[in-house]
1. In which sequence would 218, 318, 455, 250 go, from the one with the fewest C-beta neighbours within 10 Å to the one with the most?
2. Suppose the chain between residue 527 and residue 174 were pulled fully straight at 0.36 nm per residue; how much longer would it get relative to their current alpha carbon spacing?
3. For segment 378-494, what value does the Rg/Rh ratio take when both radii are computed over Cα atoms and Rh is the Kirkwood radius, given to two decimals?
4. Rank these for me by crowding, 479, 564, 411, going from fewest to most other beta carbons within 10 Å.
5. Could you work out, for segment 127-270, what percent of all Cα-Cα pairs fall into each 10 Å distance bin, beginning at 0 Å and stopping at the bin that holds the largest distance?
6. How would 206, 468, 496 line up from fewest to most surrounding beta-carbon atoms within 10 angstrom?
7. Over the C-alpha atoms of segment 381-450, what are the Rg and the largest Cα-to-Cα span, Dmax, in Å?
8. Contour minus end-to-end for residue 416 and residue 210, with contour as 0.36 nm per residue of separation and end-to-end as the Cα-Cα distance?
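Just so you know, all these numbers are worked out from the coordinates, no wet-lab data involved. Please read these numbers as outputs of a predicted model, since none were measured by experiment. Please note: Cβ atoms are built from the backbone with ideal geometry, for glycine as well, and neighbour counts cover all protein chains shown.
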């Protein structure tokens, strides 16, 4: 894993001269290497080390956060309701679809239910509420409250189980061996739920039996209506019985849904037959038809008012009640019958269409939600399948999964038949991801424990060297230990500072002793600096002496420079740079005087050649010209060879050597050319 550790100097940077022995490789600054190339002027400048703590060495790297904290990190998106619902389902606490009777009863009597009612309640309080519901309320009116209550209970229960699981794993247990303890409250909840489900089943069974009984009652009423037709009884007595049968029909409760339509049509047919048979008094009949007309007209108006109601589901439910009232209403005059029915049917059709469109839109939205959630499942599964190998990669993947979970929570339900299945798939992918992350961090924790053991060994080695007085050797050994320290990986945060301080303290003890040892040389270094500056001034004024007396002057300066000891480390580079510049100037002056003397000797030789004849002069010129051409060829060959040397190992040293040869050849060639020109001028 990459960190931002500051680079420690390599061991070879601190080897070779006494000046470099004092360098603490864990300080902010280190002495420059290589100053002792001329005169051995490398000064042992001991300083108090300011050692960076290990936490600073990795500043800015998120890799240093504690393994245990990261391994325990779980998604912050709240899936507690979904998980509680699945837990309740797994415990067998499911309730079948809501019946119409339950919906009606709850709409009339149930208080507001849901998370807000049960928030903050303990398991015992929830059980007490459940028991009170069973004791005080009709079973058909508490279904929604029971659903919300079991979700609230299992939200608490799941949190307890997860806490127990973490404790078990923290104590070294195998996750596959974990079994939650039996919860007495959960046992009691299941008992109450069995009681509720038994009562609900009994209610539904009695309701169905009652509907069957109502069906038999209404069939008997229809049979009595049929028998009224052709009765020999008086009109008043017959009509009274007819009214009684109508009243009994209205008072008789609902019948099984499949028989509703046929039963009503049969009843209505016999009612109309009765009116036609008895041929009652026209005024009485008209009055009855008028009353029925007004009732059905009112039902039409109520149905049309529902069309404007934006609550599609509630409007549809109210329409069913209007249809029941329509069936119970008697006939109307034939001239109004068709028109009223068409009006009522038209309003009903619009409400039914809106109700159907509502559920089709809901179904389409749920289908769309299923597609979106399927994509999120695929994205979560793709994250799980990635080969993540570093903490940075795991952190980024965790952030991505958290975004996916937040998106999931923002999407509505999928179709009921798919909702649990798609959530199970999503949860499985998330569980696999975090299980893989847990295994990764478990391995990382083991690695950190191994690293801690290695660093403790390094601490012990540094402590063994802290009292040494072999300054050069011990410095090199501590440098090697520090290099190994950097190569060892990270350790847990709770141990990092302590082990680092221990290692740093051992290094400090050695370098503080070394600093005290070398502090006595500082004054001498200051005097040496003054002597070297004075010598440089003398060298700068000796150009004429060098030209007159030659190389011996320069050699004497070099001897005197080397005899002066070390200078302060801060002045070392500047004084060495000035010394090189002054020495180069002296060598340039020396080379200039040598060149002048060489040309003077050649002029004397040319005079002698002229005295021996022109032929000897031409021969000398040809010899010099041949030498110039030979040097040109050598220079060309050497320059060509540089291209080949650049491809070989140790190329830098080879190329430098060749360039030096080229420079010497060019200097010689310039001297020869100058001599040829001198000969040419003499011939003229």
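1. 250, 318, 218, 455
2. Going from the current span to full extension adds 119.7 nm.
3. 1.31
4. Final ranking by Cβ density, sparse to dense: 411, 564, 479.
5. Bins of 10 Å from zero give 9, 23, 17, 15, 13, 10, 7, 4, 2, 0 percent of pairs.
6. 206, 468, 496
7. Gyration radius and largest Cα-Cα distance of segment 381-450: 14.8, 52 Å.
8. 71.1 nm
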